Structures are given as C-alpha cells and as structure tokens.
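Here's the structure we're looking at; comments come further down.
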Amino acid sequence: MEFCDLKRQYGAYREEIDQAMAQVLQSAHYIHGPDVAALEKELAEFCGANHVVCCANGTDALGLALMALGLKPGDEVIVPAFSFFATAEMPALHGARLRFADVDPVLFNMDPQSVQALIGPKTVGIIAVSLFGLLADLKALQQIADQHGLWLLEDGAQSFGARNSNGFSCAQTALATTSFFPAKPLGCYGDGGAVFCQDEQTAQKVRLLANHGSQQRYHHEAIGLNSRLDSLQAAVLRVKLRHFEQELSQRHEAAQLYDQLLPDSVQKPLIPRDERSAWAQYTLQVENRDELQKFLQARGIPTAIHYPIPLHRQKALETDFALDPCPQADRLSQRVLSLPMHGMMHKEEIQSVCDALREWTLS
Ligand SMILES: *Cc1c(COP(=O)(O)O)cnc(C)c1O
C-alpha cells in the first residue's frame, strides 16, 4: 500500500497526460506557453478567484505574495505554530519577525483568539494555513485583520478545492497561495505553485516579480525571482483539473469510510458541518503515536507525521518559546498520525488500515 499512490493516479489519466505532454514537447513552448495562460484561467474559474499567477512552487508563491505585500525587515507577521516549514520560512527570509499563534486542538487550524493576543504596533499581517485540506477560520481572521489594518494571506497549499459557506479556498482573501507538489490534492509531476489575487494590480505585481521584475525583456522594474510554472507541468495540471472534482469526491468517500470503520478509541479528524475538506491528509490523534506507527509499519501500512516539530520550536527560526507559548501545537506534534489518503484508494486498503488499528486498540 502507498501513502499517496501517484502511480495509480498516473495510470488512470495516462493517455490524456501523455498526449498533453507530447503536445508541449512538439510545440517547443516550454516556458510561458499557452498551457500556462489557459491553466491560470481554468484555476480562477474553478475556485472563483479573480486572478491567478502560476509560479515554480508553493514556497515561492508565499514569497511572491509577501513581496507583493511589501513585507520589509522588522515587520511582524503572525503564523500558526503548526504547519509545514515554508509558512514561516518565507516571511523569515524577507526579514520579518515571526509571532506564533496556537492552533485549535481539534481542527488543527490557527486559533483566532491566539492571533488577536499577538497583535502589536509592528504587526503587518497574518498568514493563515488551511491545514490538511480544511479551510482556516478566514471569516474571524479577516475581521481581526480589518480591525487592525493588517493583511491576511491564506496559505492554501493543502486546501485547493476545499469549500465552506463563503466559497472555495484561495478565493476568500485578497491574496492566497497554493502548491502543486505531486502529493498535494491537485499535484503536478514536478514542482509548481500559484498565487491567487482579487485585484488586478496585485496580480500584475506578482506576475512581474515572478519574472525577474520584468515585463519587457531586458527591462527590469523591480527585483524579483525566476519563478515560473513550466508548460509541461501546466499541461499535466490542465488534465488533472478536469478530473479534480471527481478526485475530491473520492477523497471524501475515503475519509467517510475511515470515519465509519475506525475504532472509537482513536480521535478522528473533525470537519465542521457545511464544510468540504480537500482531504490533503486524514490525520488522527492518538496516545503512543510512535509505537502505533511502528506497529502499522510492521503490517505494511505507511503513515506520516505532520508535523513532529512545531514551527515555534524549529532551530532555524530562533524563537523564544516563552514569548509565544503554543501548548496545543506542542501537544499535536506528539499525537498526530496521518493515514494513507489519496483520490484513488481502494475500499479494501481502507478496511485493512482500520483492521490493523482495531487490532492495536485491542492489544
Ligand atoms: C507544501 C506546502 C508548502 C510549500 O509548497 P511547495 O510547493 O512544496 O514549495 C507551503 N505551505 C504548506 C502549508 C504546505 O503544505
């Protein structure tokens, strides 16, 4: 069994993907080809964002968004203590001072009350992560941001396709980002990412920054990056986007089957009513997590720990934990265990994972 079976997925779309890639190869439009522009339009239509700028990966997408927001050294940015490293790495790279908000013990996402408590005179913005595919509480966070004149950026690397009563992930904040890393809900076959913008001026700025600050070749208006999505990845993504709703339903069905078959002694992920997760991960909370992981591994069941060290304790970020205590993030980092999850899971696989967990509970 695979944790995320990308071979099975490729097998399902093989003909369409091979054909789309062959077309790019023959066209020789490898950079900035027509597939990139078409994909940007299709992504915008899918989620309801006004503008989409594709780029090289989800980390760059965050960096580009922060550059477009004008982040400067010394600015304070609030990030959740429980996320993938890139969420904190990008503001840190641009010289920001990080403040770490604690997270909800059940939903895994940033706790708005914890955010509120961290706001000070130097705070400029909030990065909200929609972790494991579930939208962050963007409504509450937007209210806080508006009250204090801060920007709110959604890191939707794990949540493209997720929805709540206000619409889709990546279309609810002035700026949002996602990743097309192969194992993300909408993944390509290499690296890829995108920035979602509500206003055209910001989109133009992001587009400029992603291309060496240049609109006209050899004329540079700003210091930027070389961060482009290549045409081959765009062609793959266009095929996969056509099947994405179907895959999201398949992930949802897999999650429902887990919910139904797992023993009650493990804490299952909770999705609030009227929300749809993109199910980037199906993450349990358990005691003796490390032992359970070994037990499952011995039975051929791969699992993953997202994340064993919370961001406020990462060596590279040199923070003072006493300043921003994040007890829930600390607790989760000891308890979380993600089970195999992707859009092509077989019922028998889910059944065997649940059987093994039941056996563990009884042992
Ligand atoms: C994967 C991920 C990123 C970075 O995306 P890459 O495409 O791998 O650079 C950023 N934030 C979160 C929350 C992620 O899960």
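The values are calculated or read from the model by the stated rules, or taken from the named source; none is laboratory data. If you're wondering where the values come from, they're calculated on a predicted model, not measured in any experiment. Ideal geometry is used to build each Cβ from the backbone, glycine not excepted, and the neighbour counts take in all protein chains shown. Protein only, heavy atoms only, side chains kept; ligands, DNA and RNA dropped before computing areas. Shrake-Rupley method; radii C 1.70, N 1.55, O 1.52, S 1.80 Å.
Structural remarks
- The gain in end-to-end length when the Arg331 to Gln147 segment is fully stretched comes to 63.2 nm, 0.36 nm per residue minus the alpha carbon separation.
- One decimal place: the segment Gln198-Glu45 gains 53.8 nm when fully extended, by the rule 0.36 nm per residue minus the C-alpha distance.
- Mean accessible surface per residue for segment 19-136, computed with a 1.4 Å probe while every protein chain stays in place, in Å²: 37
- Computed extension length for Lys139-Ala117: 6.2 nm, one decimal, from 0.36 nm per residue of separation with the Cα-Cα distance subtracted.
- Spin-label model, His220/Leu362: points 7 Å from Cα along the beta carbon direction are separated by 6.6 nm.
- Accessible area per residue, Å², segment 163-263 with all protein chains present, probe 1.4 Å: 45
- Considering only the chain, percent of DSSP beta bridges that pair antiparallel, nearest 5: 60
- Helix-derived mean residue ellipticity, 222 nm - over the chain, DSSP H n ≥ 4, -39500 (n - 2.57), to 500: -12500 deg cm²/dmol
- Exposure here means at most 16 other Cβ atoms within 10 Å; with GluC sites (Glu not before Pro) in a DSSP loop as sites, the longest stretch of the chain lacking them is 3-220.
- Among the trypsin sites (Lys or Arg not before Pro) found in segment 129-236, those both in a DSSP coil and sparsely packed, with 14 or fewer other Cβ atoms within 10 Å of their Cβ, are Arg217.
- Evaluated at q = 0.08, 0.14, 0.15 Å⁻¹: base-10 log I(q)/I(0), Debye formula over Cα of the chain: -0.39, -1.18, -1.32
- Charge tally around Phe84: other residues with Cβ under 15 Å, Lys/Arg +1 each, Asp/Glu -1 each, net -3.
- Gap separating the Cα centres of segment 261-284 and segment 1-79, nearest whole Å: 27
- Euclidean distance of C-alpha centroids, segment 154-203 and segment 314-349, integer Å: 21
- When a 1.4 Å probe is rolled over the protein heavy atoms, the share of accessible surface on the chain that falls to carbon and sulfur comes to 50 percent.
- Under the span-like rule (Cα at least 18 Å along the axis, Kyte-Doolittle mean at least 0.0), DSSP H helices of the chain: 34-47
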